[in-house]
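Trainee: Okay, handing you the structure first.
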Amino acid sequence: MLQKSRKITFILAIISAIIGVMLTVQLRSSLHPVHKESRSIAELRTTLQKELEKHKNLLADISKYNQLYYQYETSLSEDESISVMKEELARTRRMAGMVGMEGEGIVIDVVDAHTPAEPVGDGHMPMPVVGDYTIDDEDLRWLVNILFANGAQAVSINGHRLIATTAIRNVGDVIQIDTRTIRPPYEIKALGEPEVLLSALKLEGVEENFQLANKKVLAEKRDKLMISANNETRVIQFMKPVKQKGDS
C-alpha cells in the first residue's frame, strides 16, 4: 500500500511539473508577444505604385534602345547610317546637358514656411516652430534623384543644369553645385511628364520631409519650360585618345 501511494505521489508530482512548465511558457508568451511586421494597405499601394512607375520607365528605355538598334540594322546605305548616328549624337548631347532643352515639365519652389503664430493665454505671441534641421545637400540630392528616377530628362537648381558628374555638397554653411554656391529659396526645374513627376513627389513624401526644416514645397506643372545647357568647364583627367595603327 505504501509503495502504491508513493507511485501516485510521484505521478502527481510529474503532472504538476508539466502543468507548471506549460503555465510558465504561456505566461512568458503573454508578457513578451512576438511582434510581426504589419503594413497597412495604403503603404502597400504606395510601394506598388512606385514599382509600377519604375517598371514603366524601364520598359520605355528598352523600347527606345530596341528602336535605335533596329534603325542601325535596317540602314541600307552609308548616308542613312550617318543620319541615324547624327540623331543619336544630338540626343546624347541633350542628355549630357551640352545643349539647352525645352518642353513640358514642373517647377518646384522650396521656400520658408511662415506659420502664423497664435497668442497664448497671457496674450504674448510665441516663437514660430522650427524643425530640427535645415536643408542640406542630402535633401537636394534626394529630391533630384526622385525626379530622374521618374523620367525627368533635364533638371536644374537655381539655374544650374545638373549632369551625371554634377556634385551637390555642403561647403561650410552653404550648398555648392560643382563650384557654384546656391542659396535659398531653391527653384528646381524638371523636364518630363508633369503628372508623373508630381505623383512621384507625393508618393515619396517630399512635402512632409521638407516640413521638418520649416520649408514649404510648391510644385506646379508647366506646358513650356526651358532649361539651359550646363556651362561648367569639363576637365578630362583619366581619358586619352586611342592611337590607331600607323600613328606616331
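The values are calculated or read from the model by the stated rules, or taken from the named source; none is laboratory data. As the structure is a prediction and not an experimental result, all values here were calculated from the model. Virtual Cβ from ideal backbone geometry, glycine too; neighbours counted across all protein chains shown. Keep in mind that these areas ignore ligands, DNA and RNA; they rest on the heavy atoms of the full protein, side chains included. Shrake-Rupley method; radii C 1.70, N 1.55, O 1.52, S 1.80 Å.
Trainee: Please tell me if E138 is among the charged types (D, E, K, R), at pLDDT 85 or above and open to solvent by 100 Å² or more (accessible area, probe 1.4 Å). First the steps, then the outcome.
Mentor: Values: among the charged types (D, E, K, R): yes; at pLDDT 85 or above: yes; open to solvent by 100 Å² or more (accessible area, probe 1.4 Å): yes.
Taking the combined requirement at face value, the residue satisfies it.
Trainee: Moving to a separate point now. May I ask you to say which residue of A152, A190, A200, A167 is among the hydrophobic types (A, V, I, L, M, F, W, C), surrounded by fewer than 16 Cβ atoms within 10 Å (Cβ to Cβ) and within 23 Å of the chain's Cα centre (by Cα)?
Mentor: One residue alone meets the criteria, A167.
Trainee: Hey, can you tell me all the residues within the stretch 206-227 that are in a loop (DSSP other than H, G, I, E, B) and open to solvent by 20 Å² or more (accessible area, probe 1.4 Å)?
Mentor: At the first step, the residues of the stretch 206-227 found to be in a loop (DSSP other than H, G, I, E, B) are 212-214.
If the condition is that a residue be in a loop (DSSP other than H, G, I, E, B) and open to solvent by 20 Å² or more (accessible area, probe 1.4 Å), then L212, N214 are the ones that fit.
Trainee: A follow-up question, please. Across the stretch 211-238, what is the number of residues that are modelled with pLDDT of 90 or more and closer than 18 Å to T92 by Cβ?
Mentor: So the answer is 1.
Trainee: Report every pair of residues separated by at least 6 positions or lying on different chains whose Cβ atoms are under 8 Å apart, first residue within the stretch 209-220 and free of Cβ contacts under 8 Å to residues at least 12 places away in the same chain, second assigned to a loop (DSSP other than H, G, I, E, B) and open to solvent by 30 Å² or more (accessible area, probe 1.4 Å).
Mentor: Close Cβ pairs (under 8 Å, with a partner that is assigned to a loop (DSSP other than H, G, I, E, B) and open to solvent by 30 Å² or more (accessible area, probe 1.4 Å)) do not exist here.
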